Amino acid sequence: MSITHEQLANFLVEAKRNTYASQGDEASVQPLLNNSKQLEYRSGDFFYRDIYFGSAFFVGQETVEFEERPIWSMVYSGGVIIPNASGDIIGPIHSFLRQALRLVDTKSIYRGPNRFESSNYIFKNEYEGTLDIFFGKEVILMDNQKVYELKYSGGAIR
């Protein structure tokens, strides 16, 4: 059975909203790779997995399988860019990031909305492409100073 872009997009939104965006590291399962965090979500024949390393600065990969066959993936790297940032700074930035990522929808499928503001934080997300092949960058500003940056890319696996 083949799937449509709409089915894949709808599943990605559901999976992303039910893993890191809503639960952070609390959504972790036993990781396949040492010292990694691993998040998983399953619905019907779809399976989503997000594996990443690090905290303040992190790298990772999301994959989607359909009927146990990999069909889509995205890689990402980035994080807090303040040198020697403490947990008092990193925690609130990550909390705001999860707020922004919960706003993912089928139009802003990769990481979240183009722009989101709350309190003294601004999230910006710019990307090009389609689910088949794309790349993008997100930043967080705190009091109009860039404190976080992440780059990502991915697409359909053929």
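The values are calculated or read from the model by the stated rules, or taken from the named source; none is laboratory data. Since this is a predicted model, take the numbers as computed values, not measurements. No Cβ is skipped: glycine too gets one built from the backbone with ideal geometry, and neighbour counts run over all protein chains shown. The accessibility values were calculated without ligands, DNA or RNA, using every heavy atom of the protein model including side chains. Shrake-Rupley method; radii C 1.70, N 1.55, O 1.52, S 1.80 Å.
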Practice task
Report the residue count in region 125-150 for those that are open to solvent by 70 Å² or more (accessible area, probe 1.4 Å) and either among the acidic types (Asp, Glu) or over 29 Å from residue 7 (Cβ atoms) (or both).
Solution key: 6
Exercise for the section: Mind counting the residues in region 74-90 that are in a strand (DSSP E or B) and surrounded by 16 or more Cβ atoms within 10 Å (Cβ to Cβ)? Expected result: 6
Fill in the blank from the handout: Within region 108-158, residues of a type in the set (Phe, Trp, Tyr) and in a loop (DSSP other than H, G, I, E, B) come out as 110
Completion exercise
Checked region 52-73 for anything open to solvent by 30 Å² or more (accessible area, probe 1.4 Å) and either in contact with a strand residue (DSSP E or B) (Cβ under 6 Å, 6 or more places away or on another chain) or in a helix (DSSP H, G or I) (or both); matches are 53, 56, 57, 59, 61, 63, 65, 70
Practice task
Considering each of 42, 98 in turn, give the residue that is within 27 Å of residue 132 (Cα to Cα) and not in a strand (DSSP E or B).
Solution key: 98
Handout entry: Those residues of region 91-115 which are open to solvent by less than 70 Å² (accessible area, probe 1.4 Å), among the charged types (D, E, K, R) and within 14 Å of residue 142 (Cα to Cα), in sequence order
Key = none
Problem - First in region 50-79 and closer than 26 Å to residue 140 by Cα, second anywhere and open to solvent by 30 Å² or more (accessible area, probe 1.4 Å) and among the polar types (S, T, N, Q), Cβ under 6 Å, 6 or more apart - result: 51/61; 59/77; 73/63; 75/61
Handout entry: Residues of region 73-114 classified as at pLDDT 95 or above and among the hydroxyl-bearing types (Ser, Thr, Tyr), total
Key = 3
Fill in the blank from the handout: Picking from 14, 6, the residue that is exposed (fewer than 14 other Cβ atoms within 10 Å of the Cβ), touching a residue at least 24 places away in the same chain (Cβ under 8 Å) and in a helix (DSSP H, G or I) would be 6
